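Enquirer: First, the structure itself, so that you have it in front of you.
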Amino acid sequence: MALVEDRARAPEVPRSGPLPGLAMAAAAVALAWAVHRLVPAVPLLTAAVVLGIAAAHLPGVRDGVRGVGRPGLTLAGKRLMRLGVVLLGLRLSLGDVLGIGWATVAMVLVTVVVTFLGTLWLGRRLGLRGDQPLLIATGYAICGASAIGAVGEVSGSDEEDTATSVALVTLCGTLAIAVLPLLHHPLGLDDGQFGRWVGAGVHDVGQVVAAAQTAGPTALGEAVLVKLMRVALLAPLVAGVAVATRRRRTTGTGTRTTGTKATGTRRPPVVPLFVAGFLAMVAVRSTGVLPGAVLDGAQRVQELLLAAALFGLGSAVHLPSLVRTGGRVAALGLGAWAVIAGVSYAGVLVTTA
């Protein structure tokens with residue numbers, strides 16, 4: 001009887017569908033696109049994340065699961081992210097990978113492995129909560145927010161951990177747009193070397209383009225090729241995280257607790273469907289059957305989908321929590337930045353000597 005009375009007195013949580021949140025995401029993407037057009041140095045995806053963090057403090061968004069926009073924003077952060085990652089595969093072909101040479105491929109592999117393991121180790125030493133060390137390590141090593149979203153999906157990461165990691169990686173990648181061009185000549189790099197350094201050391205594709213284009217078309221071309229090689233490593237990394245997650249759940253108690261509901265263990269596939277889609281798009285691009293107009297259109301759609309997804313993730317950033325761990329998060333961000341910049345710089349010098 002008491003339980004029935006408690007339920008009767010409990011305030012009813014208003015339910016809403018995904019349309020309000022999706023409409024907010026669409027409006028934010030349009031605004032982010034306008035900002036990018038007015039200030040080309042600000043990548044579309046960076047603007048979308050910043051707008052999401054700002055929107056997190058608006059009524060209807062800041063109220064957590066009760067917010068009218070939350071269902072649609074969560075949908076954008078998950079489902080649209082997957083679609084964007086699939087279309088990201090159309091930006092890479094096997095010919096691109098082979099064209100940069102095996103020495104550069106080895107340099108990229110070493111940079112990714114050292115950055116991932118070093119950031120993961122440092123994050124755990126700093127005592128960051130939940131999956132933040134894993135997610136931040138992924139974002140720095142592979143391709144920024146897109147990689148964080150993909151790994152967060154297969155690891156079942158908390159939405160707040162994912163959002164905080166996206167915010168940190170986006171901030172550092174944005175700072176790289178301003179800092180790296182200043183180091184171009186002082187570090188003794190020619191345009192091609194600078195482009196490879198940017199491609200190996202900057203997180204998001206848009207941020208790579210923004211930083212590398214300051215040194216001309218040669219630097220931009222080298223940067224994009226090296227960056228896409230890092231993007232190709234997203235599939236094996238996600239598969240590895242999926243395997244580790246399956247093993248962890250298999251050796252656990254057999255149940256997971258999500259919110260207040262206990263459910264049976266559900267093991268993620270070794271190769272998630274959206275990663276298989278990414279690999280399929282790489283294969284399609286490698287055949288050369290798609291005309292340039294189709295590839296250009298797919299790239300625009302991919303950027304819009306990822307912008308909507310990153311707005312959704314940014315809207316989940318809880319600034320008070322971020323402030324409480326701000327010192328440790330900032331220390332990890334700076335440490336990871338130093339690792340990837342130093343390792344990639346040494347790798348570029350060795351492979352272009």
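Enquirer: So how far apart, in nm, are the two label points at Ala178 and Ala338 if each is 7 Å from Cα heading toward Cβ?
Expert: Label at Ala178, label at Ala338, 2.1 nm between them.
Enquirer: Can I ask one more? Shape call for region 125-249 from the C-alpha gyration tensor, a ≥ b ≥ c root eigenvalues: rounded (a/c under 1.5), prolate (a/b greater than b/c) or oblate?
Expert: Because a/c hits 1.5 or more and a/b exceeds b/c, region 125-249 counts as prolate.
Enquirer: Something else about it: Highest mean first, what order results for 32-38, 148-154 on Cβ atoms within 10 Å?
Expert: Result, highest mean Cβ count within 10 Å first: 148-154, 32-38.
Enquirer: On the accessible surface of region 73-124, probed at 1.4 Å, how many percent belong to carbon and sulfur atoms?
Expert: Taking all protein chains in place, region 73-124 shows 75 percent carbon and sulfur surface.
Enquirer: At 7 Å along the Cα-to-beta-carbon direction for both Leu290 and Asp158, put a label point, then send me their distance in nm to one decimal.
Expert: In this crude spin-label approximation the distance works out to 3.7 nm.
Enquirer: Still on this structure, I have one more. Quick check: residue separation of Val350 and Trp102 times 0.36 nm, minus the Cα distance between them. What number comes out in nm?
Expert: That works out to 88.0 nm of additional length.
Enquirer: Apply the Karplus curve 6.51 cos²θ - 1.76 cosθ + 1.60, θ = phi - 60°, to the phi angles in region 336-347 and return the couplings in whole Hz, x for Gly and Pro.
Expert: 5, 4, 5, 5, 5, 5, x, 5, 5, 5, 4, x
Enquirer: What full-extension length gain, to one decimal in nm, is calculated for Leu187 and Ala330 as 0.36 nm per residue of separation minus the Cα-Cα distance?
Expert: Taking Leu187 through Ala330 to full extension adds about 49.0 nm, to one decimal.
Enquirer: Would you mind telling me the share, in percent, of accessible area of region 147-239 contributed by carbon and sulfur at probe 1.4 angstrom?
Expert: That fraction is 66 percent.
Enquirer: What are the ³J(HN,Hα) values, in whole Hz, obtained from phi via the Karplus relation 6.51 cos²θ - 1.76 cosθ + 1.60 with θ = phi - 60°, for each residue of region 208-222 in sequence order, with x given for Gly and Pro?
Expert: Karplus values, whole Hz, x for Gly and Pro: 4, 4, 4, 6, 6, 5, 5, 9, x, x, 5, 4, 5, x, 5.
Enquirer: Sticking with this structure for a sec: Using a basic spin-label model with each label point 7 Å from the Cα along Cα→Cβ, how many nm lie between Ala283 and Thr218?
Expert: In this crude label model, Ala283 to Thr218 measures out at 3.8 nm.
Enquirer: Another question, if that's okay. Whole-Hz Karplus ³J(HN,Hα) for region 294-308, in order, using 6.51 cos²θ - 1.76 cosθ + 1.60 and θ = phi - 60°, x for Gly and Pro?
Expert: Here the 3J(HN,Hα) series is 5, 5, 5, x, 5, 5, 5, 4, 4, 5, 5, 4, 5, 4, 5 Hz.
Enquirer: Rounded to the nearest angstrom and ordered from largest down, what semi-axes does the equivalent ellipsoid of region 79-120 get from its C-alpha gyration tensor (root of 5λ)?
Expert: Equivalent ellipsoid semi-axes, largest first: 23, 19, 4 Å.
The values are calculated or read from the model by the stated rules, or taken from the named source; none is laboratory data. Source: prediction; values computed, not measured. A quick note on method: Cβ atoms are made from the backbone with ideal geometry, for glycine too, and the neighbour counts reach across all protein chains shown. Only protein heavy atoms, including side chains, enter the accessible area calculation; ligands, DNA and RNA are left aside. Shrake-Rupley method; radii C 1.70, N 1.55, O 1.52, S 1.80 Å.
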